[in-house]
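Shown next, in structure tokens, is the structure this report addresses.
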Amino acid sequence: EDGEKKPASEPTREEILKAIEALKSDDFKVRETATKKLWQMGRKAEPYLRQAVVEDSAELHYRGTRILSEFKLGLYPDTPEKIRNLVQAYRTGNGNAKELAINSLIEMGETDILIKLVKQENDPAIRAAVATRIAANVDEETPKLIFNDQLDKARDLLELAALSPPGMRSYSVFLLQTGKLDNAIRTQRTLINDSETDAEL
């Protein structure tokens, strides 16, 4: 059973580099196998892959970036299939499909993935709609997280809701009360070119 959850177990540096090298193979099947293998290696392969896509060939860059885009959304081999399906539904669906996927992810408490999805969303109307939907839950959910000393989770939820005016007020107050406002402003300024969401925040 453990083997199914972590197919590559703990891959060695050599195994990771060999799989990365195979992404450049002339043989399509070898490239496809290496792509799947690297995705299954997950978090351990991620830093090596990031370095390789910057430094190496166009073919490696294309395939490596595809895998990294999954990791960027928080999709790893140990991510439950239901969550992967919801993310896929969001990425490929129309407005209604996106909304259904978002609602399900909110109900499941998948804040990390929601933040990553919203940051990659180019449509400001969808970003605002998601933020408003989440802001409606914030007043109820955030106090529970704070009382349970889950401040990082509370901060993530508030940041996601901050794309709506009421959400931004709650987020700012939380940062002020926890002594993190100045640091958050500095950090956000460095992210301003990363995504439209970061610029908006």
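The values are calculated or read from the model by the stated rules, or taken from the named source; none is laboratory data. All of these numbers come straight from a predicted model, not from anything done at the bench. Quick reminder, even Gly has a Cβ in these numbers, built from the backbone with ideal geometry, and neighbours come from all protein chains shown. Areas reflect the complete protein model, heavy atoms only, side chains present, ligands, DNA and RNA absent. Shrake-Rupley method; radii C 1.70, N 1.55, O 1.52, S 1.80 Å.
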Fill in: Karplus 3J(HN,Hα) series, Hz, for segment 186-201 with 6.51 cos²θ - 1.76 cosθ + 1.60 (x for Gly, Pro)
4, 4, 5, 4, 6, 9, 4, 9, 6, 7, 4, 4, 5, 4, 5, 4
Discussion item. Shape verdict for the chain, please, from the Cα gyration tensor: rounded (a/c under 1.5), prolate (a/b greater than b/c) or oblate.
Written reply: prolate
Item to complete: Let me have the 222 nm mean residue ellipticity of the chain computed from DSSP H runs of 4+ only, each contributing -39500 (n - 2.57), with the sum over all residues rounded to the nearest 500.
Response: -23000 deg cm²/dmol
Fill in: Heavy atoms of MET41 accessible to a 1.4 Å probe, total area in Å² rounded to 10
20 Å²
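Rounded to the nearest percent, how much of the accessible area of segment 12-127 (1.4 Å probe, protein heavy atoms only) is carbon and sulfur?
Reported share for carbon and sulfur atoms: 50 percent.
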Worksheet item: In debye, nearest 20: dipole of the chain around its Cα centre with unit charges on the Cβ of K, R (+) and D, E (-)?
Response: 180 debye
Practice prompt. Just the number, please: carbon plus sulfur as a percent of the accessible area of segment 143-201, 1.4 Å probe, no ligands or DNA/RNA counted.
Written response: 54 percent
Worksheet, complete the sentence: Where a ≥ b ≥ c are root eigenvalues of the Cα gyration tensor, a/c under 1.5 meaning rounded, otherwise prolate if a/b exceeds b/c and oblate otherwise, segment 103-201 counts as oblate
Worksheet entry | Total charge dipole magnitude, segment 99-201, about the Cα centre, Cβ charges on Lys, Arg, Asp, Glu only, Debye to nearest 20 | 320 debye
Response to the item:
Cβ-Cβ cut-off under 15 Å around GLY95, Lys and Arg +1, Asp and Glu -1: the net charge is +1
Worksheet entry | Gain upon complete extension [THR132, LYS29; 0.36 nm per residue less C-alpha separation] | 32.6 nm
Practice prompt. Take the alpha carbon gyration tensor of segment 15-57, find the square roots of its eigenvalues, order them as a ≥ b ≥ c, and report rounded if a/c is under 1.5; if not, report prolate when a/b exceeds b/c, else oblate.
Written response: oblate
Worksheet item: If you take the Cα atoms of segment 45-108, find Rg, then find the Kirkwood Rh from the mean of 1/r over all pairs, what is Rg/Rh?
Response: 1.10
Worksheet entry | Residues of segment 55-174: accessible area per residue with a 1.4 Å probe, Å² | 53 Å²
Discussion item. Report, in listed order, any pair from LYS29/LYS116; LYS18/LYS72; LYS37/LYS144; LYS72/LYS180; LYS119/LYS144 with a Cα-Cα distance greater than 29 Å.
Written reply: LYS29/LYS116; LYS37/LYS144
Practice prompt. Please name whichever of MET108, ASN183, SER25 sits farthest to the positive end of the charge dipole of the chain, dipole taken about the Cα centre and charges placed at Cβ: Lys and Arg +1, Asp and Glu -1.
Written response: SER25
Practice prompt. Give the calculated FRET efficiency between SER57 and ASP198 to the nearest 0.05, with a Förster radius of 22 Å applied to their Cβ-Cβ distance.
Written response: 0.15
Worksheet entry | Partner aspartates and glutamates for LYS44 [C-alpha distance under 18 Å; skip if fewer than 8 residues away on the same chain] | ASP2, GLU4, GLU10, GLU14, GLU15, GLU21, GLU70, ASP78
